[in-house]
Amino acid sequence: MKAQKLPPSGDNVMKCKHLAAELDELHKKHETYWYIRARINELRDGDENTAYFHYKANSRRRRNTIKGLEGENGKWVDSEEELEQVVVR
């Protein structure tokens, strides 16, 4: 900021260019730091695309599936057509 307020001269312009390049390099290092940190956290915690995640999701889906219902007459119904009728009633 102070370098930009100096009167324009060859040395001052070169100083500004050098400082701008240094600032760009620091921004790149900052971005790289955060990218690596996020990657480490992802590897440590796991992402939601792992075999374990899919195993748990499929297990829950199987457990939450309705395989049959008790009809009005107390009879167990498990065919798809009869299930529809019980649900509609």
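Listed by position, the helices (runs of 4 or more DSSP H) enclosed by the chain that each have at least 3 residues that are among the aromatic types (Phe, Trp, Tyr) are 10-45, 51-63. Take Ala57 and decide whether it is within 30 Å of Leu83 (Cβ to Cβ) and among the aliphatic types (A, V, I, L, M). Spelling it out, Ala57 is indeed within 30 Å of Leu83 (Cβ to Cβ) and among the aliphatic types (A, V, I, L, M). Among residues of the range 56-85 that are surrounded by fewer than 10 Cβ atoms within 10 Å (Cβ to Cβ), those with a Cβ under 9 angstrom from a residue that is among the basic types (Lys, Arg) and part of a loop (DSSP other than H, G, I, E, B), sequence gap 6+ or separate chain, pair up as Glu72/Arg89.
List every residue pair whose Cβ atoms sit under 7 Å apart, with the two residues 6 or more apart in sequence or on different chains, where the first one lies in the range 17-43 and is surrounded by 10 or more Cβ atoms within 10 Å (Cβ to Cβ) and the second, anywhere, is part of a helix (DSSP H, G or I). If the second residue must be part of a helix (DSSP H, G or I), the pairs left are Leu19/Ala3. Does Ala3 fit the bill of being among the small types (Gly, Ala, Ser), surrounded by 10 or more Cβ atoms within 10 Å (Cβ to Cβ) and modelled with pLDDT of 80 or more? Against the criterion (among the small types (Gly, Ala, Ser), surrounded by 10 or more Cβ atoms within 10 Å (Cβ to Cβ) and modelled with pLDDT of 80 or more), Ala3 does not qualify.
The values are calculated or read from the model by the stated rules, or taken from the named source; none is laboratory data. This one's a predicted model, so the numbers in the text were calculated from it and none came from an experiment. For neighbour counting, all protein chains shown are included, and Cβ atoms are generated from backbone atoms with ideal geometry for every residue, glycine included.
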